[in-house]
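Taking it in order: structure first as structure tokens, then the write-up.
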Amino acid sequence: MSDAKPAGSATLTVDGQTVELPILEGTVGPKVIDVRKLYSQTGMFTYDPSYTSTASCDSALTYIDGEVGILRHGGYSIEDLAGNSSFMEVCYLLLHHELPNQAELTDFENTITYHSMLHEQMRNLYGGFRRDAHPMAVMIGVVGAMSAFYHDSTDINDPQQRLIASHRLIAKMPTIAAWAYKYSVGQPFLYPRNDLSYAENFLRMTFGVPAEEYVANPAVVDAMDKIFILHADHEQNASTSTVRLAGSSGANPFACIAAGIATLWGPAHGGANSAVLEMLEQIGDKKNIPEFIKRAKDKDDPFRLMGFGHRVYKNYDPRAGVLKKSADDVLELLGAKDDPLLELAMELEKIALEDEYFVDRKLFPNVDFYSGIILKAIGFPTSMFTVLFALARSVGWIAQWKEMIEDPDQRIGRPRQLFLGATDREYVPVDKR
Ligand code: CMC
């Protein structure tokens, strides 16, 4: 909290007792009421189970204004970064809080490139999974297992080891993800190549085979890199908060990231990108849209319009805006312009944006709405969509983890509760119950 500025105080009166709670101000965004001393002053907790009004930490990495639809990393808008930078630059920005100069970028790219191989024994891990295992399940296992292979970068108190762990994670994720795919289709694993860019290497390890040379379409490489940028970090979402909470106990970084991947998998979070495609396929035809909109509005029906709505964005998700624009170009380049799913998605979006239910609740398309269509056109199976999200988000997770560990005020995260269970009961022996 060292950089937060005091900005007055809030007065709270409880049970006739008045306490002054400090108000703190960041560089931009809502101020916060500092309730850290509330319990010692009043004996009460605050209650906010899904963190709707709670800032769980301070951070200088990513800023979101959900009302307007703004997303910035280190002060740079996502549109600017997606349009002009590269994923490697964004990784550097998140890890070091500044964009790299040319020499720093070259050095960083080399470092990432030279960490991309996996320990050879990690290959054996894959063989332990069923062929039909979901690649997210494989990824959780393999990333968690990195703590068993890279002991020399698990000392969280050593800044050099923290940096090496960050580099290893960013560098090895494409290899881990591509091998999860290769294992599922029964093809040989390809090793990374140092002469290829980050995205190109990943595409080759995913779609190439040892029997012939794989040359990636430059437009696809660009689209892949842009998708990675758009997913790089997103403030204190469920998976990032999981990584921070796991890390607050002093757990090693690879274990923490595995916990983040597990959290991302859910359909309310990163799992939504595959759920969108499954939903579009289920809708099948424009004529069926009204029926699905009706179901999405029905409180007795668990169906939700996947790729719509966001806890923070009450406006168009800026990442969806970038993806919608590039969906057209990428599909054109890939000769998939007439993909009926894109047409269906556009029609669904149009109808939902005009519908009173969605308008009243400010439900707009989110990043997952268009990403699946592009990923499908590139050739990824639906089961790999969330894996790609995890690959790209790894930098955000590790940067947030690093930021937390480097905060001198950092302590273990330990939420409290509003207890609603039985009070004091006497044990009754089993034969008397
Ligand atoms: N379809 C239909 N109704 C919805 C939807 C939806 N996709 N999203 C929210 N609502 C309704 C919800 O029923 C509620 O209505 P009411 O006030 O009448 O009870 C209202 O909108 C507010 O929703 P909420 O569930 O309280 O909002 P939340 O902030 O807890 O949930 C969300 C956010 C993203 C989980 C939710 O909008 C959702 O389930 N969306 C679909 C899944 C999705 O696309 N997730 C990806 C999020 S972006 C990428 C990422 O973060 O990983």
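The values are calculated or read from the model by the stated rules, or taken from the named source; none is laboratory data. Not measured: the values here are computed from a predicted model. Neighbour counts run over all protein chains shown; Cβ positions are idealised from the backbone, glycine included. For accessibility, only protein heavy atoms count, side chains too; no ligands or nucleic acids. Shrake-Rupley method; radii C 1.70, N 1.55, O 1.52, S 1.80 Å.
The rows are residues; the columns are (1) within 12 Å of the ligand (Cβ to nearest atom); (2) of a type in the set (A, V, I, L, M, F, W, C); (3) in contact (Cβ under 8 Å) with a residue 24 or more places away in the chain; (4) open to solvent by 40 Å² or more (accessible area, probe 1.4 Å).
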residue	(1), (2), (3), (4)
Asp355	yes, no, yes, no
Phe358	yes, yes, yes, no
Asn366	yes, no, yes, no
Ala377	no, yes, yes, no
Gln410	no, no, yes, yes
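For the stretch 344-353, the tally of residues that are surrounded by 13 or more Cβ atoms within 10 Å (Cβ to Cβ), more than 13 Å from the ligand (Cβ to nearest atom) and not aliphatic (A, V, I, L, M) stands at 1. Among residues of the stretch 379-388 being assigned to a helix (DSSP H, G or I) and open to solvent by 10 Å² or more (accessible area, probe 1.4 Å), the one that is nearest to the ligand (Cβ to nearest atom) is Thr382. Could you check, for the stretch 14-28, whether at least one of its residues is of a type in the set (A, V, I, L, M), in a strand (DSSP E or B) and within 16 Å of the ligand (Cβ to nearest atom)? No, that holds for no residue.
If Gly335 passes every condition in (1) away from the ligand (no atom under 13 Å from the Cβ); (2) at negative phi but one, which one does it miss? It is condition (2) that Gly335 fails. Looking only at the stretch 204-239, residues that are assigned to a helix (DSSP H, G or I) and charged (D, E, K, R) come to 4 in all. Just give me the residues in the stretch 72-117 being hydrophobic (A, V, I, L, M, F, W, C) and touching a helix residue (DSSP H, G or I) at 6+ places or on another chain (Cβ under 6 Å), in sequence order. Ile78, Leu81, Ala82, Phe87, Met88, Val90, Cys91, Leu94, Leu95, Leu99, Phe108, Ile112, listed by residue number. Any idea which of (1) crowded, with 21+ Cβ neighbours inside 10 Å; (2) modelled with pLDDT under 95 is the one Lys325 doesn't satisfy? Evaluating Lys325 over (1) crowded, with 21+ Cβ neighbours inside 10 Å; (2) modelled with pLDDT under 95 leaves (1) as the failure. Just one of (1) within 14 Å of the ligand (Cβ to nearest atom); (2) small (Gly, Ala, Ser); (3) without any contact (Cβ under 8 Å) to a residue 60 or more places away in the chain; (4) more than 15 Å from Phe364 (Cα to Cα) fails for Gly309. It is (4). The set of residues in the stretch 240-270 that are within 11 Å of the ligand (Cβ to nearest atom), part of a helix (DSSP H, G or I) and hydrophobic (A, V, I, L, M, F, W, C) contains only Leu264.
Note on the stretch 277-306: residues that are open to solvent by less than 30 Å² (accessible area, probe 1.4 Å) and near the ligand (Cβ under 7 Å from one of its atoms) amount to 2. With respect to the conditions (1) at pLDDT 95 or above; (2) assigned to a helix (DSSP H, G or I); (3) within 12 Å of the ligand (Cβ to nearest atom), Asn273 lacks only one, and its number is (1). For first residues located in the stretch 80-91 and in contact (Cβ under 8 Å) with a residue 60 or more places away in the chain, partners that are in a loop (DSSP other than H, G, I, E, B) and charged (D, E, K, R) and lie 6+ apart or on another chain with Cβ distances below 9 Å form the pairs Val90/Asp233. Number of residues in the stretch 151-182 that are more than 22 Å from the chain's Cα centre (by Cα) and open to solvent by less than 20 Å² (accessible area, probe 1.4 Å): the value is 2. I need a count of the residues in the stretch 41-54 that are surrounded by 11 or more Cβ atoms within 10 Å (Cβ to Cβ), within 16 Å of the ligand (Cβ to nearest atom) and in contact (Cβ under 8 Å) with a residue 40 or more places away in the chain. Adding up the residues that qualify gives 1.
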